[in-house]
Structure formats: C-alpha cells, structure tokens
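Okay, so here's the structure we're looking at.
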Amino acid sequence: MKKPAVILLAVVVVLAAGFGGWWWYQSQQDKTLTLYGNVDIRTVNMSFRVGGRLASLTVDEGDTITAGQTLGELDKAPYKNALFQAQAGVSVAQAQYDLMQAGYRDEEVAQAAAAVKQAQAAYDYAQNFYNRQQGLWKSRTVSANDSGKRPLLARSGSGDPEICSG
C-alpha cells in the first residue's frame with residue numbers, strides 16, 4: 001500500500017513542478033500579443049471638422065500612420081483674414097466707446113450748434129416768405145399756381161425757392 005501512495009505523491013510533485021515551471025516561464029515572457037491575419041477594412045474616410053482648401057498633405061495612399069500623426073493641414077489664410085477683421089471691428093468699437101466716454105470736443109459741439117442756427121434761420125426765412133406770399137395771394141397780387149408751391153417751401157425749411165420749383 002505504500003507503493004501506490006509514493007507513486008501518487010511523485011505524480012503530484014511532478015505535476016506541481018510542471019505547473020510551477022510553466023507559470024514561471026509565462027511570467028518571464030514579454031506581454032506582447034502577436035497575431036497574424038488579414039484586416040477586412042482597407043479604406044477609412046477622413047475629413048476635417050471645417051471646410052477649406054488643403055494646404056499640405058503629409059501622407060500618401062497606402063502609407064502606415066500612427067495615432068496623433070498629422071495627415072494634412074488646411075489653408076490658414078481665410079481664418080487669419082476673419083481674425084484680422086474681427087480685431088479691426090474690436091478696434092473700431094473701442095474707439096467709439098472711448099469717444100463716448102471722453103465726450104464730444106468743443107469744436108464738434110460748436111459746429112453742431114452752428115448747423116442748428118443755420119437750419120433755424122432757413123426755416124424762419126421760409127416761414128416769412130410763405131406768410132408774405134399768402135398775403136400777396138389774398139390781395140390777388142400773385143397767381144394761385146405760384147402760391148401753391150410756397151407751402152412746400154415753408155415745410156422744407158429751406159429759403160431757396162428753386163428747391164420747390166419745377
């Protein structure tokens with residue numbers, strides 16, 4: 001009876017040693033998995049997120065590529081132009097804002113006041129001319145056709161009778 005127990009023990013020891021050796025061998029091997037075969041997908045459609053002209057293409061058909069590799073670049077000119085236009089718009093807006101903050105110059109205020117006075121004088125002249133023509137029409141000194149143009153002259157605010165003639 002001792003003999004079968006010794007044989008069984010020897011088999012267990014050999015199996016344990018074989019398993020331990022196999023496990024040690026596997027742990028020492030590189031973890032790279034090498035597979036051989038064919039890949040069914042041969043073509044991948046690529047595109048940029050935005051449209052534009054292609055400035056450069058760094059790979060050719062059939063080249064091997066890696067993740068993160070630049071395949072091509074778009075022309076940057078349209079985007080640079082848009083950036084410059086936006087910067088110019090910001091500059092114009094900043095200048096207008098600065099003008100609003102600083103207020104108008106005294107010369108600009110005086111020029112606007114002079115324009116208002118000139119417009120008021122032209123209106124007063126036209127109103128007086130209209131009133132005079134109305135008086136002449138009532139006294140039948142001027143024709144009804146000529147007096148019909150005069151309200152236009154008075155409403156235009158201009159003292160120039162040529163504006164309403166014709």
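All of the numbers you see were taken from the coordinates with simple rules; none came from a lab. No experiment lies behind these values; they were computed from the predicted model shown. Glycine also receives a Cβ, built like all others from the backbone with ideal geometry; neighbour counts cover every protein chain displayed.
Structural remarks
- Leu35-Ala16 pseudo-label distance in nm [points 7 Å out on the Cα-to-Cβ vector]: 3.8
- Sites Ala112 and Arg53 - FRET efficiency at Förster radius 35 Å, r taken between beta-carbons, to 0.05: 0.10
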